[in-house]
Amino acid sequence: MKSMDQLENNSERPASPAEETAPLPLTEKERADRLSRRIEETNERRQQKQRRFWIKTVLLIALIAFSIFLLFSITDSLTEDSIKSIPALIAGIDWKWFACLLGVVVLYMLFESSKYAYLLKISTGHFHFRAAIKVMFLGKYYDGITPLGSGGQPFQIYYLHKKNGIPAGVATAVPLVKFIISTVVFCSMAAVLFSFAHEFLPGSTINTALLIVAWISMGANFLMPVCIILFSLFPNFGKKVIAWIVHLLAKLHIVKRKYTVMHRYIFEMREYRNSLKAILGKWWHIPPLMVIAFVCGVLHFSVPFFVTVALAGVAPTMGGFLQMLCLSVLSFYAASLIPTPGNSGALEGAAAIIFSAALSATAGGVVGWVVLTWRFLTYYIYIFSGVGINIFEVIRGAYRNRRARAAEKRAN
């Protein structure tokens, strides 16, 4: 046992620096204050996020409203028939073909989702079809609210990896490979249809200009997956190109932290390369995916044909089907480089001009309704569903926050 002298000496020993700087235990009041500050900071961040969401939503709805106004203004000036009123439009609907139209839209959603399910199957051994449907809607929504459709893939990757436990490499590869295959297939379809555009579209200066713009836009879209594949096959060449582009942007004072941006894009290119090798290495799985993408393209761009038959009573023929397929693809690519969310305004305007020129003799009074219905079933529906989901999340977050505050009060 220690003697009393030793105990006294130990008690008089000065505290070490570690003991002097050791934090004292928090009291109950300090813990409550710290928890309260954390809740307030979380609420403030949530409120800022909500404010940004509402600002973006209001601006997007205003842009959609302007696009619809522009659409009907153009069709009213280009067609001889007056625009049909809503009651007259509803009275003239062929409900059998309208049911076919809704069936085509549902089939498109299922086939679009099956791209992700198929890629998940060959990557993980499981289809994950429910996750594939959510990923499809998520990508459509964020592509629709960002310029040039650039916002969908990051959220899809995050959802697959964080919410579904998909490995990071697979979660990165699935949206990327889907984008590459879909873009190549859609551009190939467009090139074939554009070759026959003169047979389906009356010749005029503005129509010729729109066709030229569509060719250029299609080429630019096709160039993106080609560059990704080339950079993946030749990484050293890809690094040099990225370094040159970033250096040029830095000279133009567009990029500030040159080396940080350069390293980030080179890292992303390496991730893409590894992801592509994991899936594209199994090349025999690619043809079925291309078939699915082709069916998706046909379903998506044939919506105006079914709308015209259902709303305008136009007789369904194979020639009419090919014409509407060509015109919808032409409208899509003529506006695809306009940097508005979902190409809003530009696509409605281009489609109004192109469809009015081709359909003024047979369906002049419903051209605006045809384009509007097409846009609603292929674009607005995803935006409004995404806004609805976000509103639901805001309400649920406010409810949970209220419950947390009530629990805190009871604890105190």
(request) Could you tell me which residue of the range 140-188 is surrounded by the most Cβ atoms within 10 Å (Cβ to Cβ), considering only residues that are under 12 Å from the mean Cα position of the chain (by Cα) and hydroxyl-bearing (Ser, Thr, Tyr)? (result) 141
(request) Would you point out the residue of the range 330-342, among those that are of a type in the set (S, T, N, Q) and in contact with a Pro (Cβ under 9 Å, 6 or more places away or on another chain), that is surrounded by the fewest Cβ atoms within 10 Å (Cβ to Cβ)? (result) 340
(message) Which numbered condition in (1) in contact with a Ser or Thr (Cβ under 9 Å, 6 or more places away or on another chain); (2) outside any helix (DSSP H, G or I); (3) not polar (S, T, N, Q) is the only one that residue 339 fails?
(response) (1)
(message) Please return the ranges of helices (runs of 4 or more DSSP H) entirely within the range 141-209 where 1 or more residues are in contact with a Gly (Cβ under 7 Å, 6 or more places away or on another chain), within 22 Å of residue 226 (Cα to Cα) and among the β-branched types (Val, Ile, Thr).
(response) 168-195
(request) Among residues belonging to the range 164-186 that are small (Gly, Ala, Ser) and in contact with a His (Cβ under 9 Å, 6 or more places away or on another chain), point out the one that is modelled with the highest pLDDT. (result) 171
(request) Could you check, for the range 313-321, whether at least one of its residues is in contact with a helix residue (DSSP H, G or I) (Cβ under 9 Å, 6 or more places away or on another chain), in a helix (DSSP H, G or I), surrounded by 20 or more Cβ atoms within 10 Å (Cβ to Cβ) and in contact (Cβ under 8 Å) with a residue 12 or more places away in the chain? (result) no
(request) Within the range 36-46, identify whether any single residue is exposed (fewer than 13 other Cβ atoms within 10 Å of the Cβ), assigned to a helix (DSSP H, G or I) and modelled with pLDDT of 85 or more, and answer yes or no. (result) no
(message) For the range 77-99, which positions are modelled with pLDDT of 85 or more, assigned to a helix (DSSP H, G or I) and surrounded by 16 or more Cβ atoms within 10 Å (Cβ to Cβ)?
(response) 97, 98
(message) Can you go through 355, 384, 392 and tell me which one is surrounded by 21 or more Cβ atoms within 10 Å (Cβ to Cβ) and in a helix (DSSP H, G or I)?
(response) 355
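The values are calculated or read from the model by the stated rules, or taken from the named source; none is laboratory data. Everything numeric in this text was worked out from a predicted model, so none of it was measured. Every residue, glycine among them, receives a Cβ derived from its backbone with ideal geometry; neighbour counts consider all protein chains shown.
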